Amino acid sequence: MSIEVANLVFNGTFLALLGAAAAAFGGGLGSSLGVGVAGEAAAGVIAEDPKKFGQTLVLQALPGTQGIYGLLIAFIIMLKVGILGGAGIAELTIPQGLYILAASLPICVVGAVSGLSQGRTAAAGIMMIAKRPEEIAKAMVYPAMVETYAVLALLISFLMVNGVAI
Amino acid sequence: MAIVRMKKLAAIGHESVKHDLMAELMRLGVVELNAQDEKLTDEEWSSLVSRDGNEVAVSRLDGEISKADLALETIERYGTAKKPLIRTRRAVAAAEFDEALKKKSQIVTSVDEVIALNNELNELRSAENRVQTNKLSLMPWSGYDVPLEMQGTRFAEVMIGVVPSVAEVDKLKAEVSEKSAESVVDLIGSDAEQHYLSILCMKKDTEEIMDLLKQYGFNRVTFKGVEGTASENIAKCDKELSEIAEKRAAVEEKIRNAESEKGNIEFFHDSLIIERDQEKVKARMLTTKRAFYVDGWVIAQKEELVKKAFEKYECYYEITEPEKGEETPVLLHNAAVLSPYEAITRLYALPDSRTVDATPFFGFFYMMFFGMMLADIAYGAMISIATFVILKSFRLEGMMKQMFQMFCWCGLATMFWGAMFGGFFGDLLTVIADTFFGVEFTITPLWINPLEEPMTLLIFCFILGAIHLALGMGLNAYLSIKDGRPFDAFCDVGLWYIFLAGLVLWLGGLIGGIFSAGITQIGLYMTVIGAVGIILTGGRHKKGIGKITGGLGSLYGVTSYLSDVLSYSRLLALGLASAVIASVVNTMGSLAGGGILGVFVMAIAFVIGHSYNIAINALGSFVHSCRLQYVEFFGKFYESGGEAFDPFNEKTKYVQILREDN
């Protein structure tokens, strides 16, 4: 009985969906923290000079990409499992499910961490353009340096998910 | 091309021609005049000359400019004319400009009129505030029908006041009537903070009752200089307010009438700026009793124009080449196809005048990188068309124009890569064909579908990156050679070329098996030669033991080349991101299936989803394309730190005066 229940819960499809959830979770977590931190800084700058709204908004948007990367991997996993698209849910073996779960880990973890630190960097950039609005390009490059690692994690997660044969 | 060549300029002339000469130089706009602070601290100079300049005139003109500014601002605020999306300068022929300024006194009058009207408005506004505050303080008492000036009769005391809203009014009433039966407490009204009370009591009891009331936090309220009941006064306030509103409308109407003068005031404003700058520049001149001295920089190509001007005013002048290694102001000039990317260079920092402008070298890469990261036919077309329309309908100048031009080109590159990868709003056509018509349809990519063959594209990205980096290294070598250090160019770039190319051939053959054994062998030799060369020469600028460790250290720099190349994987990753998000949007749109409802859901998902995707990914493509230039490419050779060429020209705000000679 208990084995049946266990099989019901820990089957391959479930593990793959767990991976999709982890990707969306990690990326979304990092981005929401990061965009939040940047937004707080932006609001402070706007209090002084409302004309900078556009510029600060651009910077605030930068840490938002981790969430999108997470979504992207989750989406690809869902396509692969067949929960989206016409084919219907595929029955995955437990190893297959575990592979996909493992593939989701880079963007899950790196997305969460880099989202927050990119948010901090963006917030610092927002503080910078409060004083020197003409230097916005530089303020945008610093967060982009952080984002590199989210992009790399995205790439690895993508290649891994793509590589798992079903 | 690239960094415009500058020549040094110095001139001495007679005081009497100074003004006309400066006006002429300003029209030419090809000369930068230096500040003379350094010479004034030099005793040899300061014993002969003193600083010219007329601060009084400058500040008088500044005052007039700010008046004109205020007038324009007022007209803009109350005028009917729509604010343009982007503020641009009008192009105006010199003749028209001069013609308009003949009516200067009339323009000055209308400026003064508008300012007077603005002041009147401000007064009306503060009057309105005052009345409004009065009205608000009276409002709670509108139910109190005793005249407010009434303080009591011979025997009775009449008062009004407030207690905090936490006080219990019923209890207060009971206690008061307990104390003296003749006294009456009435609740006039309450709001979130206070209860408004009126109290009627015998004069003899006043003190006692006041003591009681004080325990409830009572505060007596009196209205000074107010007669009649509260509601009468409120009506009076309302009447005053409507009168003020009428007056305001009348004044605003008058301001709108002045709108026809706006163009002339703008001319006037800009003529003041020209005049002010001509006065201001005098602070950059040195003067004796009858002569003046200026020096600065002139664009080498425009030398003749400046010579002519100096000769016309009989000045003594010298135009010389800058000394070797001397810094000059930096002005970038590139062919029309490449000039848009100057904006990217400028956003980083201008190059040192003795080095090279990176713009012509990375422009093409910038466009291609942007295109690969967005890679969608429809997105690219939207960007190109939107920027093209803006460029055609607004008279943009400077950096803004360059940015829009650049995005227009980047849009074309996006379309190109979209076609290569088969993206049109992601997989919109496939989804629509499947959902609504039940047929299978895919756009065949001209090259590959990155979702299916990511590895091929990844390797392509690395190759593209390697070319980009090699170009950067090549520029480094060029700069070393130009600087007279060909050996440095060989050691720092040539050996690395050999080493890295060898490494690619050797490892490619050994691990990837893509090259024949012979080439792999050559690759191995090149790697070894390169590595040995780098170890031997890497520490050549160091002393002692540093010569050896320096060489090893610089060979270790191979890791940075590795990470530089890997960094270009973002081209693939971000390209995938835009494509996959687009297909997420399309899939969401197709969830309701076919039929009318399906079309409706699809339309909503399409509009919201794709606008979001285009916004976020165009931003990402812009930023990451910049990063690849700034970090990977510029890191190899670029030296920033040039001072921008700041010509003495007409820095007008509203009009650009077109002259025949330039």
| Under 20 Å from the 7 Å Cα→Cβ point of B:Leu507, by amide nitrogen: which residues of the range B:443-479? | B:455-474
| remark: So, with points 7 Å from each Cα along the Cβ direction, the A:Ala102-A:Asp49 label distance in nm works out to 5.2 nm
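Using per-residue counts of other Cβ atoms within 10 Å, averaged over each peptide, order B:242-249, B:83-90 from highest down. Before the final figure, lay out the partial values.
Details: B:242-249: 13.5, B:83-90: 11.8.
Taking the mean over residues of other Cβ atoms within 10 Å, the ranking is B:242-249, B:83-90.
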| task | Pop out the ³J(HN,Hα) list for the range A:31-47 in order, Karplus 6.51 cos²θ - 1.76 cosθ + 1.60 with θ = phi - 60°, rounded to Hz; leave Gly and Pro as x. | result | 5, 5, 5, x, 5, x, 4, 5, x, 4, 4, 4, 4, x, 5, 5, 4
| remark: B:Ser137 and B:Ala470 label points (each 7 Å along its Cα→Cβ direction) are spaced in nm at 8.3 nm
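As an exercise, take the mean of 1/r over every pair of distinct alpha carbons in chain B, invert it, and state the Kirkwood radius in angstroms.
Every distinct Cα pair counted, the radius reaches 33.4 Å.
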| field | Value in Å of the Kirkwood radius, where the protein assembly as shown supplies the Cα pairs that are averaged | value | 34.0 Å
| Hey, what D do you get for the range B:143-221 in µm²/s if you plug the Kirkwood alpha-carbon radius into Stokes-Einstein at 25 °C and 0.890 mPa s? | 196 µm²/s
| What length, rounded to one decimal in nm, is gained on full extension from B:Ala386 through to B:Ile448, with 0.36 nm per residue of separation minus their alpha-carbon distance? | 19.5 nm
| request: Report, by chain and number, residues whose modeled amide H sits under 5 Å from the one on B:Gly152, excluding near sequence neighbours (fewer than 5 apart, same chain). | output: B:Val158
| request: Using only the alpha carbons of the range A:25-163, determine the length spanned along each of the three principal axes and report them from longest to shortest in whole angstroms. | output: 58, 25, 19
| query | Which Rg and Dmax, in Å, describe the Cα atoms of the range B:73-115? | reply | 13.1, 32
| request: Mind putting a number on the dipole of the protein assembly as shown about its Cα centre? Charges go on the C-beta only, +1 for Lys and Arg and -1 for Asp and Glu, and I need it in Debye to the nearest 20. | output: 1820 debye
| Of all DSSP beta bridges located in chain B, what percent are antiparallel, nearest 5? | 90 percent
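Quickly rank B:296-309, B:564-577, B:160-173 as a protection proxy: mean count of other C-beta atoms within 10 Å, highest first. Don't jump to the answer; show the numbers that get you there.
Numbers: B:296-309: 17.4, B:564-577: 24.2, B:160-173: 15.5.
Result, highest mean first: B:564-577, B:296-309, B:160-173.
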| For the range B:143-221, which whole-number percentage of the solvent-accessible area (1.4 Å probe, protein heavy atoms only) is attributable to carbon and sulfur atoms? | 51 percent
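Using the Cα atoms as the points, what is the convex hull volume per residue of the range B:98-209 in Å³? Kindly include the intermediate steps, with their values, before the conclusion.
Working: hull volume 17.6 nm³, N = 112.
Output value, Cα hull per residue: 157 Å³.
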| query | Pairing the Cα long axis of helix B:377-393 with the longest principal axis of chain B, what angle in degrees results, from 0 to 90 and rounded to the nearest 10? | reply | 70 degrees
| query | For the protein assembly as shown, with the dipole built from +1 on Lys and Arg beta-carbon atoms and -1 on Asp and Glu ones, taken about the Cα centre, which of B:Gly418, B:Cys201, B:Phe515 lies farthest toward the positive end? | reply | B:Phe515
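For the pair B:Tyr316 and B:Thr559, what calculated FRET efficiency results from E = 1/(1 + (r/R0)^6), where r is the Cβ-Cβ distance and R0 = 56 Å, to the nearest 0.05?
On the way: r = 60 Å, r/R0 = 1.08.
Result of the calculation: an efficiency of 0.40.
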| query | Put simply, what bits of the range B:624-640 lose 50 Å² or more of accessible area when the other protein chains are there, versus the chain on its own (1.4 Å probe)? | reply | B:His624, B:Arg627
| In whole Å, how far is the Cα centre of the range B:543-565 from that of the range B:277-304? | 51 Å
| task | Run the quick spin-label model on B:Ala2 and B:Arg125: label points 7 Å from Cα toward the beta carbon, then report their separation in nm to one decimal. | result | 5.5 nm
| Expressed as an acute angle from 0 to 90° and rounded to the nearest 10, what is the orientation of the C-alpha long axis of helix B:18-28 relative to the principal long axis of chain B? | 70 degrees
| To the nearest 100 Å², how much accessible surface do chains B and A cover up together, summed over both, with a 1.4 Å probe? | 2300 Å²
| field | Helix axis angle, B:230-257 relative to chain B longest principal axis, alpha carbon, degrees | value | 40 degrees
| message | List the residues, sorted by chain then number, that are 5 or more residues from B:Val31 or on another chain and whose placed amide H is less than 5 Å from its amide H. | response | B:Phe648
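With a 1.4 Å probe and all protein chains left in place, how much of the accessible area of the range A:25-163 comes from carbon and sulfur atoms, in whole percent? Each step should come with its number before you reach the end.
Working: 4180 of 5880 Å².
Ligands and nucleic acids excluded, carbon and sulfur give 71 percent.
Which of rounded, prolate, oblate describes the range B:1-115, given a ≥ b ≥ c as roots of the alpha-carbon gyration tensor eigenvalues and a/c under 1.5 marking rounded, otherwise prolate only if a/b is larger than b/c?
Values: a/c = 2.31, a/b = 1.77, b/c = 1.31.
Prolate is the answer for the range B:1-115, as a/c is 1.5 or above and a/b outweighs b/c.
To check you understand DSSP bridge types, tell me what percent of the beta bridges within the protein assembly as shown (both residues inside) are antiparallel, rounded to 5.
Among the beta bridges of the protein assembly as shown, antiparallel pairing accounts for roughly 90 percent.
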| task | Output the pairs from B:Lys8/B:Lys392; B:Lys104/B:Lys282; B:Lys18/B:Lys302; A:Lys131/B:Lys282 with a Cα-Cα distance over 28 Å in this structure; if there are none, say none. | result | B:Lys8/B:Lys392; A:Lys131/B:Lys282
| request: Give the residue from A:Thr93, A:Ile46, A:Ile76 lying farthest towards the positive end of the charge dipole for the range A:25-163; charges sit on Cβ (+1 for Lys and Arg, -1 for Asp and Glu) and the dipole is referred to the Cα centre. | output: A:Ile46
| said: Quick check: net charge around B:Ile199, other residues with Cβ under 14 Å of its Cβ, Lys/Arg +1 and Asp/Glu -1? | reply: -3
| Tell me, what HN-Hα J-couplings in whole Hz come from the Karplus equation 6.51 cos²θ - 1.76 cosθ + 1.60 at θ = phi - 60° for each residue of the range A:156-166, using x for Gly and Pro? | 5, 4, 4, 5, 5, 4, 4, x, 6, 8, 10
| Whole-Hz couplings from phi, Karplus 6.51/-1.76/1.60, listed for the range B:336-349; x for Gly and Pro | 3, 5, 9, 4, x, 6, 4, 4, 5, 4, 5, 5, 7, 4
| note | If each part is reduced to its alpha-carbon centroid, the range B:468-531 and the range B:595-662 end up apart, in Å, by 35 Å
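Where only protein heavy atoms count, and the probe is 1.4 Å, what is the accessible area per residue for the protein assembly as shown in Å²? Show your work: numbers first, answer last.
Working: 41190 Å² over 828 residues.
Spelled out: the 1.4 Å probe surface of the protein assembly as shown, per residue, equals 50 Å².
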| task | Take every residue in peptide B:611-618, count the Cβ atoms of other chains within 10 Å of its Cβ, and give the average of those counts. | result | 1
| query | Roughly how many whole Å is it from the C-alpha centroid of the range A:36-88 to that of the range B:26-49? | reply | 53 Å
| query | With r defined as the distance between the Cβ atoms of A:Ile89 and B:Leu241 and R0 fixed at 60 Å, what FRET efficiency is calculated, to the nearest 0.05? | reply | 0.30
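The values are calculated or read from the model by the stated rules, or taken from the named source; none is laboratory data. Note that the structure is predicted; figures quoted are calculated from it, not measured. A quick note on method: Cβ atoms are made from the backbone with ideal geometry, for glycine too, and the neighbour counts reach across all protein chains shown. Just so you know, the surface numbers come from the protein's heavy atoms only, side chains and all, with ligands and any DNA or RNA stripped out. Shrake-Rupley method; radii C 1.70, N 1.55, O 1.52, S 1.80 Å.
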